[in-house]
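Peer 1: Here you go, one structure.
The values are calculated or read from the model by the stated rules, or taken from the named source; none is laboratory data. Values in this document were obtained by computation on a predicted structure and should not be read as measured data. Cβ atoms come from the backbone with ideal geometry, glycine included; neighbour counts cover every protein chain shown.
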Amino acid sequence: MKVISGPASKALAEKISVLTGYPNVPVASKIFPDGESYVRLEGSVQGETVAVVQTTCPPMQDGRLFQLAFMADAAKRAGASKVTAVVPYLAYARQDKMFLSGEGISVETIARMLKAAGIDELITVNVHSEPTLKQFPFPAKTLSAIPLLAEYFVQKGHKGAFALSPDKGAMYIAEQAQEVLDGGAGHLDKVRDRYTGQTRQTAEGLNVKDQTVIILDDIISTGGTIVGAAKILREQGAKHVFCACVHGLLIGDAEKHILDAGVEEIVGTDSVPGSVSKVSLAPLISKELKAQK
Ligand code: R5P
């Protein structure tokens, strides 16, 4: 197998090559003056199975999806026998249903486009809704980075912290973290208005007085969910509040708003390279690629 370093995940792909021992194929890329994307594989993939590592987080998630498609096409044209897309953050994964009449299902459209480009299989990380992947036209799997995030807090001396999911639907995240942290798990309830996007959070039966709490979510986008949760925890008298996410999109001033809400540290992964990506997904993805060989 060879690992193709997508422009959006170059550092992660290089770490995966080191951990797996699979040769790295660099990619030259540029954006033309009119905004179109160009990629070129700078190594041979003739007869190889390849893993194309390319996250599709903002900014430029549409461009990054096209780069991924172009790399898959280039790999197939250069003789690759199988193309596995490793897409830590899968753009459009939250539009996985027709929530309102007249909508489409964006993530399924993306999957069909990727299939047409030559992708044979997809690996992602903590996709927003796992059942979505069953609708894809190729095998698709989601890995969980939650144990790695929880381990980060154990290393920082927070074994025994309470794991909180900001939404009942994401309770599995708090449960996975609790297996490592061993300090209990719970969730808030979140209701979203589908027209305005506004959310409301409540904390039925939760009591975290004097506890260290880690709020864990799959995605932090505007930070509104974490800010709302932190406010509830502070009102309840939590001693320390931290937050962790797999995909720290942190749009606009999200990071500042979260810290201003009393969260002591924000921890994310290199699914979205940036100021909070303190945990690498390389060990998780490398293990999966090794297991597949
Ligand atoms: C949605 O259900 C996700 O799990 C996250 O909770 C959400 O995307 C976070 O968005 P924001 O940071 O804008 O509140």
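Peer 1: Within the range 202-236, count every residue that is assigned to a loop (DSSP other than H, G, I, E, B) and more than 16 Å from the ligand (Cβ to nearest atom). So that I can check it myself, show each step before the final result.
Peer 2: To start, the set of residues in the range 202-236 that are assigned to a loop (DSSP other than H, G, I, E, B) comprises 203-211, 221-223.
Adding the requirement that they be more than 16 Å from the ligand (Cβ to nearest atom) leaves 204-211.
Selection size over the range 202-236: 8.
Peer 1: Can you name the residue in the range 151-176 that is surrounded by 16 or more Cβ atoms within 10 Å (Cβ to Cβ) and either small (Gly, Ala, Ser) or not assigned by TED's automatic domain parsing to the domain that holds VAL208 (or both) and is also farthest from the ligand (Cβ to nearest atom) among such residues?
Peer 2: That would be ALA161.
Peer 1: Checking the condition touching a residue at least 12 places away in the same chain (Cβ under 8 Å) and either of a type in the set (D, E, K, R) or in contact with a Leu (Cβ under 7 Å, 6 or more places away or on another chain) (or both), which residue from ALA145, ALA170 passes?
Peer 2: ALA145 is the lone residue from the list that is touching a residue at least 12 places away in the same chain (Cβ under 8 Å) and either of a type in the set (D, E, K, R) or in contact with a Leu (Cβ under 7 Å, 6 or more places away or on another chain) (or both).
Peer 1: Moving on. For THR212, are the conditions met, namely being surrounded by 12 or more Cβ atoms within 10 Å (Cβ to Cβ), within 24 Å of the chain's Cα centre (by Cα) and among the hydroxyl-bearing types (Ser, Thr, Tyr)?
Peer 2: So THR212 does not fit the description; no.
Quick grid of which residues meet (1) among the polar types (S, T, N, Q); (2) over 24 Å from the mean Cα position of the chain (by Cα); (3) farther than 18 Å from ALA111 by Cβ:
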{"site": "MET1", "(1), (2), (3)": "no, no, yes"}
{"site": "SER17", "(1), (2), (3)": "yes, no, yes"}
{"site": "GLU36", "(1), (2), (3)": "no, yes, yes"}
{"site": "MET60", "(1), (2), (3)": "no, no, yes"}
{"site": "GLY79", "(1), (2), (3)": "no, yes, yes"}
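Peer 1: Give the residue that is farthest from the ligand (Cβ to nearest atom), with candidates limited to residues of the range 117-150 that are small (Gly, Ala, Ser) and buried (at least 22 other Cβ atoms within 10 Å of the Cβ).
Peer 2: Step one: list which residues in the range 117-150 are small (Gly, Ala, Ser), which gives 117-118, 129, 140, 144-145, 150.
Filter once more, keeping what is buried (at least 22 other Cβ atoms within 10 Å of the Cβ): 140, 145, 150.
Details: ALA140: 19, ALA145: 14, ALA150: 17 Å.
Result: ALA140.
Peer 1: Of the residues VAL272, VAL191, which is among the β-branched types (Val, Ile, Thr) and at pLDDT below 95?
Peer 2: Sole residue among the options that is among the β-branched types (Val, Ile, Thr) and at pLDDT below 95: VAL191.
Peer 1: Which is among the charged types (D, E, K, R), touching an Asp or Glu at 6+ places or on another chain (Cβ under 7 Å) and more than 10 Å from the ligand (Cβ to nearest atom), of LYS287, LYS278, LYS239?
Peer 2: Values: LYS287 fails: touching an Asp or Glu at 6+ places or on another chain (Cβ under 7 Å); LYS278 fails: touching an Asp or Glu at 6+ places or on another chain (Cβ under 7 Å).
Step by step, each of LYS287, LYS278, LYS239 is checked, and only LYS239 is among the charged types (D, E, K, R), touching an Asp or Glu at 6+ places or on another chain (Cβ under 7 Å) and more than 10 Å from the ligand (Cβ to nearest atom).
Peer 1: Does GLY184 meet the test of being more than 14 Å from the ligand (Cβ to nearest atom) and farther than 28 Å from ALA282 by Cβ?
Peer 2: Judged against the criteria, GLY184 is a match.
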